[in-house]
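Working notes, beginning with the structure itself.
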Amino acid sequence: MERIEVELFTDAGNDAVVRLPLRNFPGVLIQGDSLSVIRDDVARIVKACDQGDAAEAREEAAFLLSSLDELLARYTAALKAHDIPIPFHQAP
């Protein structure tokens, strides 16, 4: 284990926006339990697809997309608040 200083751009919640040393752009620190929830969301989508339940798969995927959109909005807001350019093209 190595101890380092990072820059914190949001509160230190479940999805903190931080920049590691030697990185140009910040990233999102996702806690392990939150990562597990995302994994389970994807697993439900795969299961629904395997079972031919397109409606269920779409509903699960829409929920996951909404969650990721919220996370991405938090990330871009943090960068904008600190005058850091967004390192990707934003979807309309």
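Odds and ends about this structure:
- Accessible area of the chain belonging to carbon and sulfur atoms, whole % at 1.4 Å probe: 56
- For residue 58, the shell of other residues with beta-carbons less than 14 Å away shows a net charge of -3, using +1 for Lys and Arg and -1 for Asp and Glu.
- Debye-formula intensities of the chain, expressed as log10 I(q)/I(0) at q = 0.12, 0.14 Å⁻¹, are -0.50, -0.64 (one equal scatterer per alpha-carbon, no solvent).
- Helix-only CD estimate at 222 nm, as mean residue ellipticity for the chain, using -39500 (n - 2.57) per DSSP H run (n ≥ 4): -18000 deg cm²/dmol
- Surface per residue (accessible, 1.4 Å probe) for the chain, Å²: 76
- Full extension of the chain between residue 65 and residue 50 yields a length gain of 3.4 nm, computed as 0.36 nm times the residue separation minus the alpha carbon distance.
The values are calculated or read from the model by the stated rules, or taken from the named source; none is laboratory data. Here the structure is a predicted model, which means the values were calculated and not measured. Neighbour counts run over all protein chains shown; Cβ positions are idealised from the backbone, glycine included. Keep in mind that these areas ignore ligands, DNA and RNA; they rest on the heavy atoms of the full protein, side chains included. Shrake-Rupley method; radii C 1.70, N 1.55, O 1.52, S 1.80 Å.
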